[in-house]
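First up is the structure itself, then whatever we jot down about it.
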Amino acid sequence: MHMRRAWNFWVVGGDLRQVKLAQCLQEDGHRVETFAMERRPNPGLLPGSDTMKGMEQADCVVLPLPVQDGGGMLNAPLSDLRLPVLELLDGLSPGQVVCGGRFSPELRVLSERKGLILRDYFEREELAVANAVPTAEGAIQIAMEELPTTLYGQRVLVIGFGRLGKVLAHRLHGLGAKVTVSARNYGDLAWIEAYGYTPEHTGQLTGWLSSYDLIINTVPARVLDYPQLVDLKEDCLVLDLASRPGGVNQKAAAQLGVKVIWALSLPGKVAPSSAGVILRDTVYHILQELEL
């Protein structure tokens with residue numbers, strides 16, 4: 001999907017996803033400047049600025065996911081720069097569009113005061129659905145590497161039937177795994193059964209986990225605690241895809257000798273190019289909705 005006119009984008013901070021995003025925007029004919037990603041691969045392929053001069057004239061500034069680290073600094077793993085995000089936003093002009101992932105309430109307040117048009121792409125449904133695909137593929141890749149067996153014929157439990165749970169169950173079923181999916185919503189449980197998976201209620205897993213070879217959690221709540229983990233058979237692998245604080249009691253798992261892999265941010269790790277294209281499309285959708 002291409003925008004109707006050439007835009008002036010600044011892509012600021014972030015990882016290989018942002019690099020791919022900048023490349024895509026440039027290939028689509030837009031003017032692109034990068035900042036705080038000087039350690040990107042093949043730096044000659046993209047223009048890069050040493051300063052923020054000119055950023056205040058950009059039509060759209062694209063920040064990373066997440067926008068900042070725990071200390072309020074710009075999330076910029078490809079840079080040695082330590083820049084407070086508040087300072088960055090303070091240098092922008094009223095009316096500028098700023099896209100990023102997981103803006104803090106503090107950043108939202110400052111943006112409103114500055115007259116910036118702030119849009120959080122992490123809250124977009126199309127981005128979440130599209131990101132479920134590389135996340136599911138990454139999880140399956142980890143399972144294939146870690147398990148001494150094929151996934152075919154193995155008993156697999158997927159906890160949660162949201163966007164990611166749906167994609168995961170579909171992919172695992174296609175590989176011949178015996179898929180059980182747990183959910184709390186009775187409507188979801190009906191759909192799980194209609195798709196041909198075995199339904200389980202997430203609140204009633206205790207005592208029913210001893211037969212699984214692989215358990216994949218997608219729910220960002222503590223669903224696997226000591227009473228559930230103690231049931232697992234010795235060689236069961238647990239993959240936790242939930243965002244912090246995760247869905248598994250890591251301390252209990254360590255005590256019980258359960259192998260848990262907490263795999264965060266898989267799209268950016270296993271498929272940064274695909275994740276960059278997904279970001280590009282989402283930014284275009286935002287700009288089209290703003291009719292700018």
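The values are calculated or read from the model by the stated rules, or taken from the named source; none is laboratory data. These figures come from a predicted structure and were not determined experimentally. Cβ placement follows ideal geometry from the backbone for every residue including glycine, while neighbour counts extend to all protein chains displayed.
For the reader, a short list of remarks on this structure follows.
- Strands (runs of 3 or more DSSP E) (entirely within region 1-65) containing at least 2 residues that are touching a residue at least 24 places away in the same chain (Cβ under 8 Å), touching a Ser or Thr at 6+ places or on another chain (Cβ under 8 Å) and among the aliphatic types (A, V, I, L, M): 8-12
- D213 vs. criteria in contact with an Asp or Glu (Cβ under 8 Å, 6 or more places away or on another chain) and either more than 22 Å from T135 (Cα to Cα) or modelled with pLDDT of 95 or more (or both): yes
- R163 being at pLDDT below 95 and either touching an Asp or Glu at 6+ places or on another chain (Cβ under 6 Å) or basic (K, R) (or both): no
- So V109, is it within 13 Å of V11 (Cβ to Cβ) and outside any loop (DSSP other than H, G, I, E, B): no
- A single member of D69, D59 is of a type in the set (D, E) and farther than 22 Å from E106 by Cβ, and it is D59.
- In region 138-170, of all residues being buried (at least 18 other Cβ atoms within 10 Å of the Cβ) and of a type outside the set (A, V, I, L, M, F, W, C), the one that is farthest from Y197 (Cα to Cα) corresponds to G138.
- Within region 6-26, the set of residues being over 24 Å from the mean Cα position of the chain (by Cα) and either charged (D, E, K, R) or surrounded by 16 or more Cβ atoms within 10 Å (Cβ to Cβ) (or both) comprises W7 only.
- All conditions but one from (1) in contact with a His (Cβ under 9 Å, 6 or more places away or on another chain); (2) over 21 Å from C60 (Cβ atoms) apply to Y284; the one that does not is (2).
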